[in-house]
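Participant: Have a look at this one before I ask anything.
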Amino acid sequence: MENLNEISKRILTLKRTLNAPRKLVWEAWTEADHIVRWWAPAGMNITVIKHEFKPGGQWKYIMPMPDGSEFISEGIYSEIIPYEKIITTADFKPMTEGVVLHVLFEEEGDKTNFTFSVVHATEEYCKQQEKMGFYNGWGTAFDRMEKYLVSEAGR
């Protein structure tokens, strides 16, 4: 059995305190009409092909690239605790495959502490993903999510 120190070498994590209530942040992650508004980097669009938000349910999103190719995001939900936690497998083809996402939502008044962790198969793969721009790529998507949440919270 792997110890926590070994697992910690395979995880990349981003944390944010979002200026939106936890219910809205949860909806942004769990409802297709919200997902299409922020999942992709700024200037890019995404199409939700499948979104079965339940344990064992599949999700698949496609983002058309400027060169005509498609960036495919897909996975299977393994654990869902409403308003607290989502765990899902994930492939982001052609860049990242075989990872597990852990998304945590913690209420703090009218704000949400949001933790996004990606567990990689090996320490080497984790380091490779970090060098490929993990923090910048996801950071850009979460910047877009944050702007979207602020606009939605103000309605």
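Participant: Could you tell me whether segment 36-57 includes any residue that is in a helix (DSSP H, G or I), in contact with a strand residue (DSSP E or B) (Cβ under 9 Å, 6 or more places away or on another chain) and more than 16 Å from GLU106 (Cβ to Cβ)?
Facilitator: Checked against the condition, which is being in a helix (DSSP H, G or I), in contact with a strand residue (DSSP E or B) (Cβ under 9 Å, 6 or more places away or on another chain) and more than 16 Å from GLU106 (Cβ to Cβ), segment 36-57 yields no hits at all.
Participant: Additional query: Can you name every residue in segment 88-146 that is basic (Lys, Arg) and over 20 Å from LYS60 (Cα atoms)? Explain how you work it out, then say what you get.
Facilitator: Let us first name the residues in segment 88-146 that are basic (Lys, Arg), namely 93, 111, 127, 131, 144.
Matches in segment 88-146: LYS111, LYS127, LYS131.
Participant: Can you go through PHE92, PHE142 and tell me which one is under 15 Å from TRP29 (Cα atoms) and within 12 Å of the chain's Cα centre (by Cα)?
Facilitator: Working: PHE92 fails: under 15 Å from TRP29 (Cα atoms).
None of the others qualify; the one that does is PHE142.
Participant: Could you list, in sequence order, all residues of segment 98-127 that are among the acidic types (Asp, Glu) and surrounded by fewer than 14 Cβ atoms within 10 Å (Cβ to Cβ)?
Facilitator: GLU108, ASP110, GLU124, listed by residue number.
Participant: Further question on the same structure: Filter segment 128-155 for residues that are touching a helix residue (DSSP H, G or I) at 6+ places or on another chain (Cβ under 8 Å) and farther than 29 Å from ILE7 by Cα; which is surrounded by the most Cβ atoms within 10 Å (Cβ to Cβ)?
Facilitator: Here the residue is LEU149.
Participant: Please specify each residue of segment 48-70 satisfying the condition of being under 22 Å from GLN128 (Cβ atoms) and either buried (at least 17 other Cβ atoms within 10 Å of the Cβ) or among the charged types (D, E, K, R) (or both). Break it down into steps so the answer makes sense when it comes.
Facilitator: Filtering segment 48-70 down to residues under 22 Å from GLN128 (Cβ atoms) leaves 63, 65, 69.
The answer is MET63, and nothing else.
Participant: For segment 85-128, how many residues meet the condition of being in contact with a strand residue (DSSP E or B) (Cβ under 9 Å, 6 or more places away or on another chain), touching a residue at least 40 places away in the same chain (Cβ under 8 Å) and among the hydroxyl-bearing types (Ser, Thr, Tyr)?
Facilitator: Start the filter on segment 85-128 by keeping residues that are in contact with a strand residue (DSSP E or B) (Cβ under 9 Å, 6 or more places away or on another chain), which leaves 85-108, 111-121, 125-126.
From the residues that got through so far, the ones that are touching a residue at least 40 places away in the same chain (Cβ under 8 Å) too are 86, 103, 105-108, 111-121, 125-126.
Next, from what is left, pick out any that are among the hydroxyl-bearing types (Ser, Thr, Tyr): 112, 115, 117, 125.
Matching residues across segment 85-128 total 4.
Participant: Please work out which residue is nearest to the chain's Cα centre (by Cα), limiting yourself to segment 17-32 and to residues that are part of a helix (DSSP H, G or I) and either of a type in the set (Phe, Trp, Tyr) or closer than 26 Å to ILE62 by Cβ (or both).
Facilitator: TRP29
For every residue, the table says whether it meets (1) touching a Lys or Arg at 6+ places or on another chain (Cβ under 8 Å); (2) among the β-branched types (Val, Ile, Thr); (3) modelled with pLDDT under 95.
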residue	(1), (2), (3)
HIS34	no, no, yes
TRP38	yes, no, yes
LYS54	no, no, no
MET65	no, no, yes
GLY68	no, no, yes
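The values are calculated or read from the model by the stated rules, or taken from the named source; none is laboratory data. This one's a predicted model, so the numbers in the text were calculated from it and none came from an experiment. Every residue, glycine as well, gets a Cβ built from its backbone with ideal geometry; the counts of neighbours run over all protein chains shown.
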